[in-house]
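Here's the structure we're looking at; comments come further down.
The values are calculated or read from the model by the stated rules, or taken from the named source; none is laboratory data. Since this is a predicted model, take the numbers as computed values, not measurements. So basically every Cβ, Gly included, is an ideal-geometry build from the backbone, and we count neighbours across all protein chains shown. Side chains included, ligands, DNA and RNA excluded: accessible areas come from the protein's heavy atoms. Shrake-Rupley method; radii C 1.70, N 1.55, O 1.52, S 1.80 Å.
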Amino acid sequence: MKSAAFDYVKPKVLQEALSLLEQGGDDARLIAGGQTLLATLNMRLSEPSVLIDITDLKELQGITVVGDQLRIGALVTHTEIEDSELVAKHAPLLKAAAPHIAHRAIRNLGTWGGSLAYGDPAAEWPACSLTLQATMIIHGPAGERRISAKDFFIDLYTTSLEPDEILVATEIPLANKQEVFYFHELARRHGDYAVAGLAAVAQKQDDVLNHCAFTFFSIGATPVMATKAQDLVNGQKLNDELIAKAVATARDEIEAIADITNSAEAKQHLIGVLLERGLKQMVA
Amino acid sequence: MSLKKKISMTVNGQLVNAEIESRKHLVDFLREDLHLKGPHLGCEQGACGACTVKVDGQIIRGCLFLAVQANGKVVETVEGLTKNGVLADLQESFLRHNAMQCGFCSSGMLLAAAELIEKQPKATREQVREWISGNYCRCTGYHSIVDAIVAVLDTRAKGQTNKPVVAHA
């Protein structure tokens, strides 16, 4: 199908983009990579009157280390994350996750910020940002505000971004030498949306994991953390018995939602499959 | 508000100026306005990869990119990349392994495969399969396509080039 007609503007600076967004109201949409937006336009699932192309905005570009944080601009593409040496060193979970995002031709355009702002519960970056305790840096008419990933994802495709705000970048604490991670998703075809996925990190000392963060995606309306399973594992010597307990706890505390092809029961089962594999890999 | 936009881009080495509707995606512009029929349209939602073209040196989905977004950029299609020889050994290998079949997916497959060979010269057969899983072949001819790509990776790794299957005039 073909999209309905719309106007297109490409502001040069952030302030201009914010003004255009305010003027455009509900009929305006931001476009960066556009890898979800263009599909919805082509299918006429969305008919905005104007697209505001934000790809020229300098504030939204680049991957840098700022103090003890890795700053990833909203316009950074999935490919840039996949290929970045800074990401490989300071946020290796993201490097491991990137190849699971669709296919290279899509990763070459799709952006970090676009994925976070869209808030798809089946997407990789919302789950990773939650696991890595990312801070979202947002600009709006009132200036800058910062919000933790934990408070950012509210509901299905719903974040705490206001309609007149733009996600500029995120900051992620740098990984230290004790950090271990696990990322995997179960999908019917490589690159498809996951049936269920897990993004996990922990601080490892011998057979003990501390500061565990286990985030499941494609399971609920938002990415969801297995907080009780995390608490159970934290600081304890990891053995088969504890892994079995953690698996049962995670299955118990998270309520999976069915999707068009997979039942809630199947997803509930896969939570345990992923956590068992993840724990074994992180402690190996 | 003006729905038509003036754009200028380099397509297969030539500067192109045009006035188009904002909503026109890149492959419709290439096919309808420039009569380049190499990039195909399949699903128009990013699933099939038939529309794959290069923008500023990277493969993209031409149906998920507006022509107006390509303003000021360098666009390459299978036509241009065939002419300048970038795809030559892949094309020879596709012929040798009977990986063309109906040809609908071939331009996208060739461009995706070329980026794989550039980015992952040591790719395993499994990685080749993962990489091209974003390009649908309606004839389900994946086996021969994977064979053809793996053969190019092998010959490149040995520092050789494929010998032509067909004698060129």
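Tell me, yes or no, whether the stretch B:142-160 has at least one residue that is more than 14 Å from chain A (Cβ to nearest Cβ) and hydroxyl-bearing (Ser, Thr, Tyr). There is at least one residue in the stretch B:142-160 that is more than 14 Å from chain A (Cβ to nearest Cβ) and hydroxyl-bearing (Ser, Thr, Tyr). I need the full set of residues from the stretch A:1-48 which are within 8 Å of chain B (Cβ to nearest Cβ), of a type in the set (Gly, Ala, Ser) and farther than 22 Å from A:GLY73 by Cα, in order please. Within the stretch A:1-48, A:SER3, A:ALA4, A:ALA5, A:ALA39 meet the criteria. Taken together, the criteria exclude A:GLY119 from residues that are open to solvent by less than 10 Å² (accessible area, probe 1.4 Å), within 13 Å of chain B (Cβ to nearest Cβ) and in contact with a Ser or Thr (Cβ under 7 Å, 6 or more places away or on another chain). Tell me, yes or no, whether the stretch A:123-139 has at least one residue that is within 14 Å of chain B (Cβ to nearest Cβ), buried (at least 22 other Cβ atoms within 10 Å of the Cβ), more than 14 Å from the chain's Cα centre (by Cα) and at pLDDT 95 or above. No - not one qualifying residue is present in the stretch A:123-139.
Residues in the stretch A:44-87 that are over 25 Å from A:ASP192 (Cβ atoms) and in a helix (DSSP H, G or I): A:LYS58, A:GLU59, A:LEU60, A:GLU85, A:LEU86.
Just one of the listed residues (B:LYS4, B:LYS24) is modelled with pLDDT of 95 or more and among the charged types (D, E, K, R), and it is B:LYS24.
Go through the residues of the stretch B:47-56 one by one and say whether even a single one is within 11 Å of chain A (Cβ to nearest Cβ) and surrounded by fewer than 16 Cβ atoms within 10 Å (Cβ to Cβ). Yes. Among the residues of the stretch B:38-56, is any without any contact (Cβ under 8 Å) to a residue 12 or more places away in the chain and either on the phi > 0 side of the Ramachandran plot or not in a helix (DSSP H, G or I) (or both)? No, because not a single residue in the stretch B:38-56 is without any contact (Cβ under 8 Å) to a residue 12 or more places away in the chain and either on the phi > 0 side of the Ramachandran plot or not in a helix (DSSP H, G or I) (or both).
Inclusion of A:VAL247 among residues that are at pLDDT below 95 and either in contact with a Leu (Cβ under 7 Å, 6 or more places away or on another chain) or within 18 Å of A:ASP192 (Cα to Cα) (or both) is not warranted.
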